[in-house]
Amino acid sequence: MSTATPATGSDVLPRNAIFDELGFPTDPDNLYTQTVGQMLNAAEQMDLQHRVKVILAQPKNEVMVHFPVRMDDGHFKLFKGYRIQHNNVLGPYKGGFRYHENVHLDDVKSLALLMTFKCALARIPFGGGKGGVKVNPRSLSEGELQRVTRRYCAAISHMIGPDHDIPAPDVGTNAQIMAWFADTYMLSSEHADNNALRVVTGKPVEFGGSLGREKATGQGVADVLAEMLPGIGIPLQGMTVALLGFGNVNSWAGRILQDMGAKVIAVMDHTGAFRNDNGIDCHALAAYSEENYGIAGYEKQPTATGSGTNAAAGVEVIGEDEFYQTKCDVFIPGALEQMIQPKQANMMDCKVMAEAANAPCTPAGDRVLQDKGVEVIPAILANAGGVTVSYFEWLQNKSCVTWDADQVDRELNRHMVFAARRSMVAREKYGCDLRTAAFAAALEHLGAVYKVRGIFP
Ligand code: GLU
(Lines give C-alpha, C1' and ligand atoms only; values in the text may rest on other atoms or scores of the structure.)
Protein backbone atom coordinates (compact mmCIF):
# COMPACT_ATOMS: atom_id res chain seq x y z
CA MET A 1 0.00 0.00 0.00
CA SER A 2 1.23 3.50 -0.76
CA THR A 3 2.53 5.45 2.20
CA ALA A 4 1.98 8.81 0.48
CA THR A 5 -0.87 10.96 1.78
CA PRO A 6 -3.78 10.24 -0.52
CA ALA A 7 -5.04 13.19 -2.52
CA THR A 8 -8.70 12.33 -2.19
CA GLY A 9 -8.46 9.66 0.50
CA SER A 10 -10.90 7.14 1.85
CA ASP A 11 -8.58 6.78 4.84
CA VAL A 12 -11.18 8.51 6.95
CA LEU A 13 -13.37 5.43 6.58
CA PRO A 14 -11.96 2.30 8.24
CA ARG A 15 -10.96 -0.31 5.68
CA ASN A 16 -13.79 -2.80 5.85
CA ALA A 17 -13.00 -6.51 6.29
CA ILE A 18 -15.21 -7.15 3.24
CA PHE A 19 -12.66 -5.31 1.08
CA ASP A 20 -10.08 -7.97 1.90
CA GLU A 21 -12.62 -10.79 1.61
CA LEU A 22 -13.41 -9.64 -1.94
CA GLY A 23 -9.87 -8.59 -2.89
CA PHE A 24 -10.59 -4.89 -3.35
CA PRO A 25 -7.83 -2.51 -4.48
CA THR A 26 -5.83 -0.97 -1.67
CA ASP A 27 -5.63 2.42 -3.37
CA PRO A 28 -7.56 4.79 -1.04
CA ASP A 29 -8.30 7.13 -3.96
CA ASN A 30 -10.18 4.46 -5.89
CA LEU A 31 -13.75 5.71 -6.33
CA TYR A 32 -15.25 2.24 -6.15
CA THR A 33 -13.54 1.46 -2.84
CA GLN A 34 -14.72 4.83 -1.52
CA THR A 35 -18.32 4.29 -2.64
CA VAL A 36 -18.54 0.74 -1.29
CA GLY A 37 -16.90 1.99 1.92
CA GLN A 38 -19.67 4.55 2.40
CA MET A 39 -22.32 1.90 1.78
CA LEU A 40 -20.69 -0.59 4.19
CA ASN A 41 -20.29 2.14 6.77
CA ALA A 42 -24.09 2.40 6.80
CA ALA A 43 -24.50 -1.38 6.73
CA GLU A 44 -22.35 -1.66 9.89
CA GLN A 45 -24.88 0.41 11.82
CA MET A 46 -27.68 -2.01 11.05
CA ASP A 47 -28.63 -5.59 11.57
CA LEU A 48 -27.94 -6.74 8.01
CA GLN A 49 -26.97 -10.24 6.91
CA HIS A 50 -23.31 -10.56 5.96
CA ARG A 51 -24.26 -12.13 2.63
CA VAL A 52 -26.31 -9.06 1.66
CA LYS A 53 -23.33 -6.80 2.32
CA VAL A 54 -21.03 -9.02 0.24
CA ILE A 55 -23.53 -9.26 -2.63
CA LEU A 56 -24.03 -5.48 -2.73
CA ALA A 57 -20.29 -4.82 -2.58
CA GLN A 58 -19.84 -6.15 -6.13
CA PRO A 59 -21.88 -5.71 -9.33
CA LYS A 60 -23.63 -8.76 -10.74
CA ASN A 61 -22.27 -8.22 -14.25
CA GLU A 62 -19.45 -6.12 -15.65
CA VAL A 63 -19.30 -5.91 -19.41
CA MET A 64 -16.63 -4.18 -21.49
CA VAL A 65 -17.02 -3.91 -25.23
CA HIS A 66 -14.82 -2.66 -28.06
CA PHE A 67 -16.38 -1.60 -31.34
CA PRO A 68 -15.16 0.04 -34.54
CA VAL A 69 -16.78 3.18 -35.95
CA ARG A 70 -16.15 4.76 -39.34
CA MET A 71 -15.04 8.36 -38.83
CA ASP A 72 -15.84 11.16 -41.28
CA ASP A 73 -12.36 11.01 -42.81
CA GLY A 74 -12.91 7.34 -43.73
CA HIS A 75 -10.69 5.70 -41.12
CA PHE A 76 -12.05 3.31 -38.49
CA LYS A 77 -11.57 4.07 -34.84
CA LEU A 78 -11.99 1.53 -32.05
CA PHE A 79 -14.06 2.65 -29.05
CA LYS A 80 -14.29 1.18 -25.57
CA GLY A 81 -17.70 0.91 -23.91
CA TYR A 82 -19.04 -0.39 -20.61
CA ARG A 83 -22.30 -1.62 -19.15
CA ILE A 84 -22.32 -2.50 -15.49
CA GLN A 85 -25.33 -4.23 -13.94
CA HIS A 86 -24.96 -3.77 -10.23
CA ASN A 87 -28.11 -5.27 -8.77
CA ASN A 88 -31.63 -6.26 -9.86
CA VAL A 89 -33.23 -7.57 -6.71
CA LEU A 90 -35.80 -4.74 -6.77
CA GLY A 91 -36.42 -4.75 -10.53
CA PRO A 92 -34.68 -4.30 -13.90
CA TYR A 93 -31.23 -2.72 -13.89
CA LYS A 94 -31.60 1.02 -14.46
CA GLY A 95 -29.15 3.82 -15.06
CA GLY A 96 -27.67 6.14 -17.63
CA PHE A 97 -24.69 5.87 -19.92
CA ARG A 98 -22.13 8.61 -20.28
CA TYR A 99 -19.80 9.80 -22.98
CA HIS A 100 -16.58 11.10 -21.47
CA GLU A 101 -12.90 10.67 -22.26
CA ASN A 102 -12.13 9.66 -18.67
CA VAL A 103 -14.68 6.86 -18.29
CA HIS A 104 -13.08 3.98 -16.36
CA LEU A 105 -14.39 0.63 -15.16
CA ASP A 106 -14.28 1.41 -11.44
CA ASP A 107 -16.05 4.74 -11.95
CA VAL A 108 -18.88 3.10 -13.90
CA LYS A 109 -19.10 0.41 -11.19
CA SER A 110 -19.45 3.12 -8.52
CA LEU A 111 -22.14 4.92 -10.49
CA ALA A 112 -24.03 1.64 -11.03
CA LEU A 113 -23.93 0.91 -7.29
CA LEU A 114 -25.26 4.39 -6.53
CA MET A 115 -28.20 3.72 -8.90
CA THR A 116 -29.19 0.63 -6.90
CA PHE A 117 -29.30 2.73 -3.73
CA LYS A 118 -31.00 5.71 -5.37
CA CYS A 119 -33.82 3.53 -6.70
CA ALA A 120 -34.17 1.71 -3.37
CA LEU A 121 -34.32 4.98 -1.45
CA ALA A 122 -36.92 6.49 -3.81
CA ARG A 123 -38.86 3.18 -3.75
CA ILE A 124 -38.69 2.85 -7.51
CA PRO A 125 -39.04 -0.77 -8.67
CA PHE A 126 -35.67 -0.80 -10.42
CA GLY A 127 -32.17 -2.01 -9.68
CA GLY A 128 -28.95 -0.24 -10.56
CA GLY A 129 -26.83 -0.12 -13.69
CA LYS A 130 -24.58 2.29 -15.54
CA GLY A 131 -22.77 2.47 -18.85
CA GLY A 132 -20.38 4.61 -20.76
CA VAL A 133 -18.19 5.08 -23.77
CA LYS A 134 -14.68 6.46 -23.48
CA VAL A 135 -15.03 9.42 -25.85
CA ASN A 136 -15.23 13.18 -25.79
CA PRO A 137 -18.60 13.75 -27.53
CA ARG A 138 -17.57 17.30 -28.47
CA SER A 139 -14.74 15.88 -30.59
CA LEU A 140 -17.24 14.05 -32.82
CA SER A 141 -19.36 15.31 -35.72
CA GLU A 142 -23.09 14.64 -35.46
CA GLY A 143 -22.73 11.72 -37.86
CA GLU A 144 -19.90 10.19 -35.85
CA LEU A 145 -21.86 10.67 -32.61
CA GLN A 146 -24.80 8.84 -34.15
CA ARG A 147 -22.63 5.95 -35.41
CA VAL A 148 -20.88 5.60 -32.04
CA THR A 149 -24.29 5.47 -30.33
CA ARG A 150 -25.73 2.89 -32.73
CA ARG A 151 -22.65 0.66 -32.46
CA TYR A 152 -22.58 0.95 -28.66
CA CYS A 153 -26.26 -0.06 -28.59
CA ALA A 154 -25.60 -3.00 -30.92
CA ALA A 155 -22.63 -4.09 -28.78
CA ILE A 156 -24.66 -4.30 -25.57
CA SER A 157 -28.14 -5.05 -27.00
CA HIS A 158 -28.02 -8.72 -25.97
CA MET A 159 -27.70 -7.80 -22.31
CA ILE A 160 -30.27 -4.96 -22.01
CA GLY A 161 -34.03 -4.91 -22.54
CA PRO A 162 -37.24 -3.08 -21.53
CA ASP A 163 -37.77 -5.45 -18.59
CA HIS A 164 -34.14 -6.29 -17.95
CA ASP A 165 -31.83 -3.26 -18.17
CA ILE A 166 -32.96 0.22 -19.16
CA PRO A 167 -30.31 2.86 -19.99
CA ALA A 168 -30.87 6.65 -19.92
CA PRO A 169 -28.91 9.91 -20.33
CA ASP A 170 -25.98 10.82 -18.10
CA VAL A 171 -22.94 13.10 -18.46
CA GLY A 172 -22.33 13.85 -22.17
CA THR A 173 -25.47 12.13 -23.48
CA ASN A 174 -28.91 13.57 -24.23
CA ALA A 175 -32.39 12.93 -25.60
CA GLN A 176 -31.20 12.78 -29.24
CA ILE A 177 -28.68 10.09 -28.32
CA MET A 178 -31.44 8.15 -26.54
CA ALA A 179 -33.57 8.39 -29.73
CA TRP A 180 -30.77 6.88 -31.86
CA PHE A 181 -30.21 4.24 -29.20
CA ALA A 182 -33.92 3.27 -29.05
CA ASP A 183 -34.21 3.30 -32.85
CA THR A 184 -31.23 0.94 -33.21
CA TYR A 185 -32.58 -1.45 -30.58
CA MET A 186 -36.08 -1.42 -32.08
CA LEU A 187 -34.81 -2.04 -35.62
CA SER A 188 -33.18 -5.35 -34.80
CA SER A 189 -35.62 -8.10 -35.79
CA GLU A 190 -35.37 -9.66 -32.35
CA HIS A 191 -36.73 -6.50 -30.73
CA ALA A 192 -38.93 -5.25 -33.57
CA ASP A 193 -42.05 -4.34 -31.65
CA ASN A 194 -43.18 -1.15 -30.03
CA ASN A 195 -42.75 -2.54 -26.56
CA ALA A 196 -39.05 -2.16 -27.21
CA LEU A 197 -39.44 1.62 -26.94
CA ARG A 198 -39.14 1.15 -23.16
CA VAL A 199 -35.56 -0.09 -23.53
CA VAL A 200 -34.30 3.41 -22.86
CA THR A 201 -35.63 6.50 -21.04
CA GLY A 202 -34.87 10.19 -21.42
CA LYS A 203 -36.08 10.03 -25.03
CA PRO A 204 -37.35 13.12 -26.88
CA VAL A 205 -40.99 13.86 -25.95
CA GLU A 206 -42.13 13.26 -29.55
CA PHE A 207 -40.62 9.75 -29.45
CA GLY A 208 -42.01 8.34 -26.20
CA GLY A 209 -40.21 10.68 -23.80
CA SER A 210 -41.90 12.13 -20.73
CA LEU A 211 -42.70 15.74 -20.14
CA GLY A 212 -40.48 17.00 -17.33
CA ARG A 213 -37.67 14.45 -17.89
CA GLU A 214 -35.12 16.97 -19.12
CA LYS A 215 -35.38 19.14 -16.02
CA ALA A 216 -36.13 16.21 -13.67
CA THR A 217 -32.80 15.90 -11.85
CA GLY A 218 -32.65 19.67 -11.23
CA GLN A 219 -36.31 19.67 -10.18
CA GLY A 220 -35.61 16.84 -7.75
CA VAL A 221 -32.71 18.78 -6.19
CA ALA A 222 -35.07 21.75 -5.71
CA ASP A 223 -37.83 19.51 -4.27
CA VAL A 224 -35.45 17.98 -1.71
CA LEU A 225 -34.12 21.40 -0.71
CA ALA A 226 -37.66 22.78 -0.37
CA GLU A 227 -38.51 19.85 1.91
CA MET A 228 -35.37 19.96 4.05
CA LEU A 229 -34.21 23.58 4.28
CA PRO A 230 -36.97 24.86 6.58
CA GLY A 231 -35.87 22.25 9.16
CA ILE A 232 -32.28 23.45 8.80
CA GLY A 233 -33.40 27.05 9.30
CA ILE A 234 -32.77 28.38 5.79
CA PRO A 235 -35.70 30.10 4.08
CA LEU A 236 -35.90 29.39 0.33
CA GLN A 237 -36.79 33.00 -0.34
CA GLY A 238 -33.55 34.91 -0.77
CA MET A 239 -31.25 31.99 0.06
CA THR A 240 -27.88 32.21 -1.69
CA VAL A 241 -26.66 29.42 -3.93
CA ALA A 242 -23.34 28.52 -5.61
CA LEU A 243 -23.43 26.09 -8.55
CA LEU A 244 -20.44 23.91 -9.44
CA GLY A 245 -21.15 22.77 -12.99
CA PHE A 246 -23.75 24.21 -15.31
CA GLY A 247 -24.79 21.32 -17.52
CA ASN A 248 -28.26 19.79 -17.64
CA VAL A 249 -28.58 19.17 -13.90
CA ASN A 250 -27.30 22.43 -12.45
CA SER A 251 -28.63 24.73 -15.15
CA TRP A 252 -32.11 23.36 -14.35
CA ALA A 253 -31.54 23.37 -10.57
CA GLY A 254 -30.40 27.02 -10.88
CA ARG A 255 -33.37 28.09 -13.00
CA ILE A 256 -35.90 26.33 -10.76
CA LEU A 257 -34.37 27.58 -7.48
CA GLN A 258 -34.20 31.11 -8.93
CA ASP A 259 -37.90 30.89 -9.82
CA MET A 260 -38.59 29.74 -6.24
CA GLY A 261 -36.97 32.94 -4.90
CA ALA A 262 -33.35 31.85 -4.36
CA LYS A 263 -30.38 33.94 -5.48
CA VAL A 264 -27.67 32.15 -7.47
CA ILE A 265 -24.58 34.19 -6.65
CA ALA A 266 -21.75 32.07 -8.11
CA VAL A 267 -21.42 29.60 -10.98
CA MET A 268 -18.39 27.65 -12.21
CA ASP A 269 -18.10 25.16 -15.05
CA HIS A 270 -15.18 23.65 -16.99
CA THR A 271 -14.81 26.90 -18.96
CA GLY A 272 -14.89 29.58 -16.26
CA ALA A 273 -16.43 31.05 -13.09
CA PHE A 274 -18.59 34.07 -12.25
CA ARG A 275 -19.97 35.81 -9.29
CA ASN A 276 -22.72 38.37 -8.82
CA ASP A 277 -23.94 39.13 -5.31
CA ASN A 278 -27.17 40.49 -6.75
CA GLY A 279 -27.92 37.17 -8.42
CA ILE A 280 -27.03 35.58 -11.75
CA ASP A 281 -29.94 35.11 -14.16
CA CYS A 282 -29.78 31.33 -14.72
CA HIS A 283 -32.33 31.48 -17.56
CA ALA A 284 -30.14 33.82 -19.60
CA LEU A 285 -26.97 31.95 -18.61
CA ALA A 286 -28.51 28.58 -19.58
CA ALA A 287 -29.45 29.91 -23.03
CA TYR A 288 -25.92 31.29 -23.50
CA SER A 289 -24.18 28.18 -22.17
CA GLU A 290 -26.15 25.82 -24.38
CA GLU A 291 -25.17 27.75 -27.48
CA ASN A 292 -21.53 28.21 -26.48
CA TYR A 293 -20.83 24.84 -24.77
CA GLY A 294 -19.97 26.57 -21.50
CA ILE A 295 -20.38 29.77 -19.54
CA ALA A 296 -17.07 31.45 -20.56
CA GLY A 297 -17.59 34.75 -22.31
CA TYR A 298 -21.09 35.31 -20.93
CA GLU A 299 -19.93 38.40 -19.04
CA LYS A 300 -19.07 40.08 -22.35
CA GLN A 301 -22.51 39.45 -23.81
CA PRO A 302 -24.94 42.28 -24.28
CA THR A 303 -27.57 39.59 -23.51
CA ALA A 304 -30.60 41.78 -23.80
CA THR A 305 -33.49 39.97 -22.12
CA GLY A 306 -37.14 40.48 -23.02
CA SER A 307 -37.28 43.36 -20.57
CA GLY A 308 -34.48 45.12 -22.43
CA THR A 309 -32.02 44.84 -19.57
CA ASN A 310 -28.59 43.30 -19.84
CA ALA A 311 -28.80 40.01 -17.96
CA ALA A 312 -25.02 39.72 -17.77
CA ALA A 313 -24.55 43.16 -16.15
CA GLY A 314 -22.84 42.91 -12.77
CA VAL A 315 -21.37 39.48 -13.48
CA GLU A 316 -17.75 39.38 -12.39
CA VAL A 317 -15.25 36.76 -13.58
CA ILE A 318 -13.58 35.00 -10.66
CA GLY A 319 -10.93 32.33 -10.17
CA GLU A 320 -11.46 28.78 -8.95
CA ASP A 321 -10.42 29.46 -5.35
CA GLU A 322 -12.64 32.49 -5.12
CA PHE A 323 -15.53 30.41 -6.41
CA TYR A 324 -15.10 27.79 -3.68
CA GLN A 325 -14.67 30.51 -1.03
CA THR A 326 -17.96 32.23 -1.94
CA LYS A 327 -20.06 32.50 1.20
CA CYS A 328 -23.49 31.03 0.44
CA ASP A 329 -26.32 29.12 2.05
CA VAL A 330 -26.31 26.17 -0.36
CA PHE A 331 -23.43 24.83 -2.45
CA ILE A 332 -24.53 22.49 -5.25
CA PRO A 333 -21.87 20.32 -6.93
CA GLY A 334 -23.46 19.20 -10.20
CA ALA A 335 -20.45 18.28 -12.31
CA LEU A 336 -18.20 15.21 -12.04
CA GLU A 337 -17.11 12.80 -9.30
CA GLN A 338 -14.49 13.48 -6.60
CA MET A 339 -14.34 17.23 -7.14
CA ILE A 340 -14.78 18.15 -3.48
CA GLN A 341 -11.60 17.02 -1.80
CA PRO A 342 -10.17 18.39 1.47
CA LYS A 343 -8.62 21.37 -0.36
CA GLN A 344 -11.98 22.48 -1.81
CA ALA A 345 -13.92 21.55 1.34
CA ASN A 346 -11.59 23.67 3.45
CA MET A 347 -12.27 26.67 1.21
CA MET A 348 -16.04 26.24 1.14
CA ASP A 349 -18.20 28.59 3.20
CA CYS A 350 -21.74 27.17 3.01
CA LYS A 351 -24.36 25.79 5.38
CA VAL A 352 -25.61 22.99 3.13
CA MET A 353 -24.07 21.02 0.29
CA ALA A 354 -26.63 19.32 -1.96
CA GLU A 355 -25.01 16.71 -4.20
CA ALA A 356 -26.64 17.11 -7.61
CA ALA A 357 -23.84 15.11 -9.26
CA ASN A 358 -23.06 11.50 -8.39
CA ALA A 359 -20.21 11.03 -5.87
CA PRO A 360 -18.94 14.63 -6.13
CA CYS A 361 -17.26 14.51 -2.73
CA THR A 362 -14.51 12.18 -1.47
CA PRO A 363 -14.77 10.67 2.04
CA ALA A 364 -11.89 12.93 3.14
CA GLY A 365 -13.68 16.00 1.73
CA ASP A 366 -16.85 14.83 3.42
CA ARG A 367 -15.10 14.65 6.78
CA VAL A 368 -13.84 18.23 6.43
CA LEU A 369 -17.38 19.41 5.70
CA GLN A 370 -18.77 17.41 8.62
CA ASP A 371 -16.18 18.95 10.96
CA LYS A 372 -17.22 22.38 9.72
CA GLY A 373 -20.87 21.58 10.48
CA VAL A 374 -22.02 21.61 6.84
CA GLU A 375 -25.19 19.59 6.25
CA VAL A 376 -24.49 17.29 3.29
CA ILE A 377 -27.50 16.06 1.31
CA PRO A 378 -26.10 12.96 -0.42
CA ALA A 379 -26.45 12.22 -4.13
CA ILE A 380 -28.61 9.12 -3.75
CA LEU A 381 -31.22 11.43 -2.26
CA ALA A 382 -30.56 14.81 -3.89
CA ASN A 383 -30.26 13.62 -7.48
CA ALA A 384 -32.86 10.84 -7.55
CA GLY A 385 -35.23 13.04 -9.57
CA GLY A 386 -33.80 11.98 -12.94
CA VAL A 387 -34.33 8.28 -12.49
CA THR A 388 -37.70 8.90 -10.87
CA VAL A 389 -39.05 10.63 -13.97
CA SER A 390 -37.34 7.93 -16.07
CA TYR A 391 -39.53 5.48 -14.16
CA PHE A 392 -42.59 7.60 -15.04
CA GLU A 393 -41.53 7.57 -18.70
CA TRP A 394 -41.16 3.77 -18.61
CA LEU A 395 -44.59 3.46 -16.95
CA GLN A 396 -46.22 5.71 -19.55
CA ASN A 397 -44.62 3.70 -22.39
CA LYS A 398 -45.73 0.44 -20.79
CA SER A 399 -49.34 1.49 -20.33
CA CYS A 400 -49.59 3.62 -23.52
CA VAL A 401 -50.65 6.79 -21.73
CA THR A 402 -49.28 10.34 -21.55
CA TRP A 403 -49.04 12.23 -18.30
CA ASP A 404 -49.31 16.00 -18.33
CA ALA A 405 -46.47 18.12 -16.90
CA ASP A 406 -48.36 18.78 -13.65
CA GLN A 407 -48.84 15.10 -12.97
CA VAL A 408 -45.12 14.44 -13.55
CA ASP A 409 -44.13 17.28 -11.21
CA ARG A 410 -46.62 16.22 -8.55
CA GLU A 411 -45.55 12.56 -8.57
CA LEU A 412 -41.86 13.52 -8.64
CA ASN A 413 -42.36 15.78 -5.65
CA ARG A 414 -44.11 12.99 -3.76
CA HIS A 415 -41.21 10.58 -4.38
CA MET A 416 -38.55 13.16 -3.46
CA VAL A 417 -40.35 14.27 -0.29
CA PHE A 418 -40.74 10.67 0.89
CA ALA A 419 -37.12 9.84 0.07
CA ALA A 420 -36.04 12.88 2.12
CA ARG A 421 -38.30 11.90 5.03
CA ARG A 422 -37.10 8.29 4.93
CA SER A 423 -33.51 9.56 5.17
CA MET A 424 -34.33 11.84 8.09
CA VAL A 425 -36.12 9.03 9.96
CA ALA A 426 -33.03 6.83 9.45
CA ARG A 427 -30.80 9.61 10.74
CA GLU A 428 -32.82 9.72 13.96
CA LYS A 429 -32.88 5.94 14.24
CA TYR A 430 -29.17 5.34 13.70
CA GLY A 431 -27.88 8.67 15.06
CA CYS A 432 -25.68 9.25 12.02
CA ASP A 433 -25.00 11.76 9.27
CA LEU A 434 -27.42 12.11 6.38
CA ARG A 435 -25.26 10.23 3.85
CA THR A 436 -25.07 7.18 6.09
CA ALA A 437 -28.77 7.55 6.85
CA ALA A 438 -29.79 7.64 3.18
CA PHE A 439 -27.74 4.49 2.51
CA ALA A 440 -29.26 2.88 5.62
CA ALA A 441 -32.82 3.71 4.53
CA ALA A 442 -32.11 2.13 1.13
CA LEU A 443 -30.38 -0.87 2.75
CA GLU A 444 -33.38 -1.52 4.98
CA HIS A 445 -35.49 -1.98 1.84
CA LEU A 446 -32.89 -4.07 -0.01
CA GLY A 447 -32.23 -6.20 3.08
CA ALA A 448 -35.95 -6.85 3.58
CA VAL A 449 -36.34 -7.98 -0.04
CA TYR A 450 -33.29 -10.28 0.18
CA LYS A 451 -34.68 -11.74 3.38
CA VAL A 452 -37.98 -12.77 1.80
CA ARG A 453 -36.54 -13.76 -1.57
CA GLY A 454 -33.64 -15.79 -0.16
CA ILE A 455 -30.66 -16.86 -2.20
CA PHE A 456 -31.10 -19.40 -5.00
CA PRO A 457 -30.74 -22.43 -4.84
N1 GLU B 1 -28.08 9.33 -15.17
C2 GLU B 1 -29.07 9.69 -14.20
C3 GLU B 1 -28.59 9.34 -12.81
O4 GLU B 1 -27.42 9.19 -12.57
C5 GLU B 1 -30.45 9.15 -14.52
C6 GLU B 1 -30.54 7.67 -14.72
C7 GLU B 1 -31.88 7.21 -15.28
O8 GLU B 1 -32.72 8.02 -15.59
O9 GLU B 1 -32.02 5.99 -15.39
O10 GLU B 1 -29.36 9.28 -11.89
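The values are calculated or read from the model by the stated rules, or taken from the named source; none is laboratory data. Keep in mind it's a predicted model, so treat the numbers as computed, not measured. Cβ atoms come from the backbone with ideal geometry, glycine included; neighbour counts cover every protein chain shown. Heavy atoms of the whole protein, side chains included, go into the accessibility calculation; ligands, DNA and RNA do not. Shrake-Rupley method; radii C 1.70, N 1.55, O 1.52, S 1.80 Å.
In the stretch 311-416, what percent of the accessible surface is made up of carbon and sulfur (1.4 Å probe, ligands and nucleic acids excluded)?
Ligands and nucleic acids excluded, carbon and sulfur give 45 percent.
In Å³ and rounded to a whole number, note down the convex hull volume per residue for the Cα atoms of the stretch 112-207.
Here the figure is 108 Å³ per residue.
Would you kindly calculate the translational diffusion coefficient of the stretch 124-265, applying Stokes-Einstein with the Kirkwood radius from alpha carbon pairs, for 4 °C and a viscosity of 1.567 mPa s, and quote it in µm² s⁻¹ without decimals?
My calculation gives 76 µm²/s for D.
Convert each backbone phi in the stretch 439-456 into a coupling constant with the Karplus relation 6.51 cos²θ - 1.76 cosθ + 1.60 (shift: θ = phi - 60°), then list the ³J(HN,Hα) values in order as whole Hz, x for Gly and Pro.
4, 5, 4, 5, 5, 4, 5, 4, x, 5, 5, 4, 5, 7, 7, x, 10, 6
If you stretched the chain out fully between His66 and His50, how much longer would it get, using 0.36 nm times the residue separation minus the C-alpha to C-alpha distance?
Length difference between fully extended and current span is 2.2 nm.
At 1.4 Å probe radius, can you tell me the per residue accessible area of the chain in Å²?
On a per-residue basis, the chain sits at 40 Å².
Quick check on my link table: of Lys53/Lys94; Lys134/Lys215; Lys343/Lys429; Lys300/Lys343; Lys215/Lys429; Lys215/Lys451, which ones sit more than 28 Å apart, alpha carbon to alpha carbon?
Beyond 28 Å between Cα atoms: Lys343/Lys429; Lys300/Lys343; Lys215/Lys429; Lys215/Lys451.
What does the extension gain come out to for Glu142 and Gln325, with contour length at 0.36 nm per residue minus their alpha carbon separation?
Extra length available between Glu142 and Gln325 comes to 62.0 nm.
Check cross-link reach from Lys398 to the aspartates and glutamates: straight Cα distance under 12 Å, and skip same-chain residues fewer than eight apart.
Within the straight-line cut-off, Lys398 pairs with Asp163.
Quantify, in whole percent, the carbon and sulfur part of the accessible surface of the stretch 45-190 (1.4 Å probe; protein heavy atoms only).
49
Using each residue's phi in the stretch 196-209, evaluate 6.51 cos²θ - 1.76 cosθ + 1.60 at θ = phi - 60° and report the 3J(HN,Hα) Karplus result to the nearest Hz, with x for Gly and Pro.
5, 3, 6, 5, 9, 10, x, 6, x, 4, 6, 10, x, x
Multiply the residue gap between Asp73 and Ala448 by 0.36 nm, knock off their C-alpha separation, and tell me the result in nm, one decimal place.
Full-extension gain reported as 129.5 nm.
Quick query: amide H of Phe246 versus all other amide H atoms, modeled in the peptide plane; which residues come in under 5 Å with a sequence gap of 5 or more or a different chain?
For Phe246, whose amide H was placed from the backbone, the distant partners under 5 Å are His270.
Just add up the charged neighbours of Arg83: K/R +1, D/E -1, any other residue whose Cβ is under 9 Å from the Cβ of Arg83.
Spelling it out: positives minus negatives among the neighbours equals -1.
Given only helices, namely DSSP H runs of n ≥ 4 each adding -39500 (n - 2.57), what is the per-residue ellipticity at 222 nm of the chain, to the nearest 500 deg cm²/dmol?
That calculation yields -13500 deg cm²/dmol at 222 nm.
Find the Cα radius of gyration of the stretch 316-385, compare it with 2.2 N^0.38 Å by division, and give the number to two decimals.
That ratio works out to 1.02.
Which three extents, in whole angstrom, do the alpha-carbon atoms of the stretch 85-132 cover along their principal axes, largest first?
For the stretch 85-132, the Cα extents along the three principal axes come out at 33, 15, 15 Å.
Would you mind checking the radius of gyration and Dmax of the chain based on alpha-carbon positions, in Å?
In Å, with Rg to one decimal and Dmax whole: 21.3, 70.
Run the accessible area of the stretch 232-289 with a 1.4 Å probe and give the carbon-and-sulfur part as a rounded percent.
54
For the stretch 210-215, what does the Karplus curve 6.51 cos²θ - 1.76 cosθ + 1.60, with θ = phi - 60°, yield as ³J(HN,Hα) per residue in whole Hz, taken in order and with x for Gly and Pro?
Values, residue by residue: 9, 4, x, 6, 4, 8 Hz.
Taking the Cα-to-Cβ direction at Asn195 and at Asp106 and moving 7 Å from each Cα, how far apart do the two end points lie in nm?
Label at Asn195, label at Asp106, 4.1 nm between them.
Under a point spin-label approximation (7 Å from Cα along Cα-to-Cβ), what is the Asp371-Ala313 distance to one decimal in nm?
4.5
What's the FRET efficiency of Ala154 with Val401 using the Cβ-Cβ distance as r and R₀ = 25 Å, to the nearest 0.05?
0.25
For every other residue with a beta carbon closer than 13 angstrom to the beta carbon of Arg51, add +1 if it is Lys or Arg and -1 if Asp or Glu, then tell me the sum.
Combined, the nearby Lys, Arg, Asp and Glu give +2.
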